[in-house]
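Participant: If you scroll down you'll find the structure; I have some questions about it.
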Amino acid sequence: MELSQRIEQVGTSATLAVARRAKQMKDAGEDVVAFAAGEPDFDTPAFIKDAAKAALDAGDTKYTARGAEKLKQAVADKLARENNVHVAGDQVICTFGGKHAIYAAMQVLVNPGDKVLIPSPYWVSYPEMVRLAGGEPVFLPARAKDDFKITPRQILDAGGAKILILNSPCNPTGVTYSPPELQAIAAAVLQTGLTVLSDEIYEKLVYGQTRAVSFAALDQALPERTITVNGFAKTFSMPGWRLGWAAGPKNVIGAMRRLMSHETSDVAGFVVAGGLAALTSPQAPAVIEAMRVEFEKRGAHMAERLNAISGVTCVQPTGAFYCFPDISSHFGRTIGGVKIADSLTFAQAMLETCKVALVPGGAFGEDACVRLSFATSLQQIDKGLDRLEKTLGR
Ligand code: PLP
């Protein structure tokens, strides 16, 4: 059957080949250490599950979630309290994950041919979401020597674009813009006509002295130009619940609501109840902090060990749960029968020789690097890094 041109232009990720092979090996009983996960390894906290169970038992199973309005207000309250971003409940939409919020925002904002600026390395789905909306991704290179951060100049030089997507803390680099850096970006944005989609899904996972700030809070002119996206997957360890949200100008959120009314309808009642507990329970801060502290330990340890491996350099992660080391000095070598020419063949060689699954950086727009998630135990981190060290040298 002939497929639409729309879907034909969406690429299948090269990373899937490595992930598929890793799964095949695991299924065959091989001891693969996987650093590929994009989700926390913790279970959803019990108080959140209990709220969802109670909602199900109370019959909250209809099209409209009983707590839908309350959840939107809870998001608005959280934004005011924690982020200094002030919106009304009708400027918030709850979606099927942060991913869906970004997709819907692109659908209602992008016209055919519109340019969307994406700092590169980028989260894999951004360019495809832009293309699916008929837009053209324009990449702003952010190199390791600059800590994977773009400069205000790059924004000013990129004239003619409609939207800028920002993601801080960042997947895949683990880098977080400091408040002054983000302020400088905001100043550049204000000299242009850009709308900003600020993906703040990793805001709670920041390390050391790092502080995550909301882009919309940086200037009083920004709330009108910013769509803030966030979700429950990372902060509350709820990836499979598929719950996220966006906040922004009323007309944009209203348009997303119209789109969603024909596309998915609203998120489920028991999921909303879980989300409401996550945002309002007095138990939440301690639970979130415990997970953050654990990620902080793991990230520092993983980066230190990566930097001790021959020919590997890793920028210290200040947020999210990823290390994104440069491994390009190994290009040209043959390891385990695989000639290493790029991040994909590097990942293949590591999987075949020492059974460590990594994600090739090419999928994120940076072929010199690979991504390792530290959403796994310290024990697994050491086991995988022992193997990498043995294969690549110290
Ligand atoms: N944004 C970034 C940068 C992500 O890494 C992810 C998930 O990996 C998402 C958005 C979407 O998260 P979810 O749809 O699970 O809420």
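The values are calculated or read from the model by the stated rules, or taken from the named source; none is laboratory data. Note that the coordinates shown come from a computational prediction; the quantities given were computed from them, not determined experimentally. In this analysis, Cβ positions are derived from the backbone assuming ideal geometry, glycine residues included, and neighbour counts consider all displayed protein chains. SASA here: full protein model, heavy atoms, side chains in, ligands and nucleic acids out. Shrake-Rupley method; radii C 1.70, N 1.55, O 1.52, S 1.80 Å.
Participant: Give Ser125, Ser120 a once-over and let me know the one that is more than 12 Å from the ligand (Cβ to nearest atom), within 17 Å of the chain's Cα centre (by Cα), among the polar types (S, T, N, Q) and closer than 26 Å to Pro317 by Cβ. Steps first, answer last, please.
Facilitator: Details: Ser125 fails: more than 12 Å from the ligand (Cβ to nearest atom).
Among Ser125, Ser120, only Ser120 is more than 12 Å from the ligand (Cβ to nearest atom), within 17 Å of the chain's Cα centre (by Cα), among the polar types (S, T, N, Q) and closer than 26 Å to Pro317 by Cβ.
Participant: Ser281: closer than 27 Å to Lys162 by Cα, away from the ligand (no atom under 16 Å from the Cβ) and surrounded by fewer than 24 Cβ atoms within 10 Å (Cβ to Cβ), yes or no? Walk me through how you get there before you give the answer.
Facilitator: Working: closer than 27 Å to Lys162 by Cα: no; away from the ligand (no atom under 16 Å from the Cβ): yes; surrounded by fewer than 24 Cβ atoms within 10 Å (Cβ to Cβ): yes.
Spelling it out, it is not the case that Ser281 is closer than 27 Å to Lys162 by Cα, away from the ligand (no atom under 16 Å from the Cβ) and surrounded by fewer than 24 Cβ atoms within 10 Å (Cβ to Cβ).
Participant: Is one or more of the residues making up the stretch 2-21 among the hydroxyl-bearing types (Ser, Thr, Tyr), part of a loop (DSSP other than H, G, I, E, B) and over 21 Å from the mean Cα position of the chain (by Cα)?
Facilitator: The answer is yes; a qualifying residue exists.
Participant: Criterion first (out of contact with any Phe, Trp or Tyr (no Cβ under 7 Å at 6 or more places or on another chain), buried (at least 18 other Cβ atoms within 10 Å of the Cβ) and over 16 Å from Ala101 (Cβ atoms)) does Ala303 satisfy it? Can you show your working first?
Facilitator: Working: out of contact with any Phe, Trp or Tyr (no Cβ under 7 Å at 6 or more places or on another chain): yes; buried (at least 18 other Cβ atoms within 10 Å of the Cβ): yes; over 16 Å from Ala101 (Cβ atoms): yes.
Against the criterion (out of contact with any Phe, Trp or Tyr (no Cβ under 7 Å at 6 or more places or on another chain), buried (at least 18 other Cβ atoms within 10 Å of the Cβ) and over 16 Å from Ala101 (Cβ atoms)), Ala303 qualifies.
Participant: Here's another thing I want to ask about it. Does the stretch 22-61 hold any residues that are open to solvent by 80 Å² or more (accessible area, probe 1.4 Å) and farther than 22 Å from Phe232 by Cα, and which are they?
Facilitator: Result: Lys23, Gln24, Lys26, Asp27, Asp57.
Participant: Just to be sure I understand, how many residues within the stretch 240-277 are away from the ligand (no atom under 11 Å from the Cβ), surrounded by fewer than 23 Cβ atoms within 10 Å (Cβ to Cβ) and assigned to a loop (DSSP other than H, G, I, E, B)?
Facilitator: Counting residues in the stretch 240-277 that are away from the ligand (no atom under 11 Å from the Cβ), surrounded by fewer than 23 Cβ atoms within 10 Å (Cβ to Cβ) and assigned to a loop (DSSP other than H, G, I, E, B) gives 5.
Participant: Quick one: is Ile7 exposed (fewer than 10 other Cβ atoms within 10 Å of the Cβ) and not acidic (Asp, Glu)?
Facilitator: Working: exposed (fewer than 10 other Cβ atoms within 10 Å of the Cβ): yes; not acidic (Asp, Glu): yes.
When the stated conditions are applied, Ile7 passes them.
Participant: Follow-up question, since we're still on this one. Working only within the stretch 199-232, note down all residues that are within 16 Å of the chain's Cα centre (by Cα), open to solvent by less than 10 Å² (accessible area, probe 1.4 Å) and among the small types (Gly, Ala, Ser).
Facilitator: Ser214, Gly231, listed by residue number.
Participant: Any residue at all in the stretch 306-325 that's open to solvent by 10 Å² or more (accessible area, probe 1.4 Å), more than 30 Å from Met350 (Cβ to Cβ) and either at pLDDT 95 or above or not in a loop (DSSP other than H, G, I, E, B) (or both)?
Facilitator: no
Participant: If the requirement is being under 23 Å from the mean Cα position of the chain (by Cα), over 20 Å from Ser198 (Cβ atoms) and modelled with pLDDT of 95 or more, which of these qualifies: Pro40, Pro45? Give the derivation first.
Facilitator: Values: Pro40 fails: modelled with pLDDT of 95 or more.
Of the residues listed, the single one that is under 23 Å from the mean Cα position of the chain (by Cα), over 20 Å from Ser198 (Cβ atoms) and modelled with pLDDT of 95 or more is Pro45.
Participant: Which count do you get for residues in the stretch 213-239 that are within 16 Å of the ligand (Cβ to nearest atom) and in contact (Cβ under 8 Å) with a residue 60 or more places away in the chain?
Facilitator: Count: 12.
Participant: Let me ask something additional. What are the residue pairs meeting all of these: first residue in the stretch 36-48, first residue more than 14 Å from the ligand (Cβ to nearest atom), second residue open to solvent by 30 Å² or more (accessible area, probe 1.4 Å) and modelled with pLDDT of 90 or more, Cβ atoms under 6 Å, and 6 or more apart or on different chains?
Facilitator: Here the result reads Pro45/Val287; Phe47/Gln283, each pair linking the stretch 36-48 to a residue that is open to solvent by 30 Å² or more (accessible area, probe 1.4 Å) and modelled with pLDDT of 90 or more.
Participant: Turning to a different aspect of this structure: Go through the stretch 155-171 and give me each residue that's part of a helix (DSSP H, G or I) and surrounded by fewer than 18 Cβ atoms within 10 Å (Cβ to Cβ).
Facilitator: Passing the criteria: Leu156, Asp157.
Participant: May I pose another question? Filter the stretch 335-367 for residues that are of a type in the set (Gly, Ala, Ser) and open to solvent by less than 20 Å² (accessible area, probe 1.4 Å) and give the result.
Facilitator: Matches in the stretch 335-367: Ser343, Ala347, Ala349, Ala357, Gly361.
Participant: From the list Gly269, Gly274, Gly254, Gly248, which residue is modelled with pLDDT of 95 or more and under 28 Å from Pro119 (Cβ atoms)? Can you show your working first?
Facilitator: Working: Gly269 fails: under 28 Å from Pro119 (Cβ atoms); Gly274 fails: under 28 Å from Pro119 (Cβ atoms); Gly254 fails: under 28 Å from Pro119 (Cβ atoms).
Sole residue among the options that is modelled with pLDDT of 95 or more and under 28 Å from Pro119 (Cβ atoms): Gly248.
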